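Reading through the structure tokens given below for one structure.
Every number in this text was worked out from the coordinates using simple rules, so none of it is lab data. These numbers come from a predicted model, not from an experiment.
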Amino acid sequence: MITIAGPSAAPSASSLPAALQSSASLFQYMSMYDASAAAVQFGGNSNINLTGTIYAPNAAVTFQGNPTISMGNGTSCGQLIAASVAFNGNATLDSSGCPTQVQVKSPPQYVQLVQ
């Protein structure tokens with residue numbers, strides 16, 4: 001099991017690179033920050049518990065193989081922000097631990113924002 005969770009408090013601005021200091025509050029709950037365009041892959045038969053935010057706005061994120069991605073812990077729900085997200089193989093997205101107002105509906109619904 002892999003648990004990906006971010007800090008419950010935002011970091012101090014001085015602990016961040018100068019370019020990010022004005023946005024320190026956005027890093028509360030940030031589990032993973034990747035500004036590069038390099039692909040991000042999760043795979044195999046892993047169980048992933050995501051309760052923070054993965055922010056990879058320029059990357060293609062792929063879940064491949066048979067991973068199960070659990071998005072919630074009963075009181076909060078994880079977020080994945082990426083240029084694109086792909087599920088290959090038998091990847092499963094489980095939002096049953098999220099508060100009911102944010103659970104993934106069946107069939108899953110996808111939202112795409114366009115600039």
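Remarks
- Nonlocal amide H pairs with Ser70, under 5 Å, H built at 1.01 Å: Ile48, Asn49, Leu50, Asp94
- Rounded, prolate or oblate (a/c below 1.5 giving rounded, otherwise prolate when a/b exceeds b/c) for region 13-87 by Cα gyration tensor: oblate
- If both residues of a DSSP beta bridge must be in region 1-103, then about 5% of such bridges are antiparallel.
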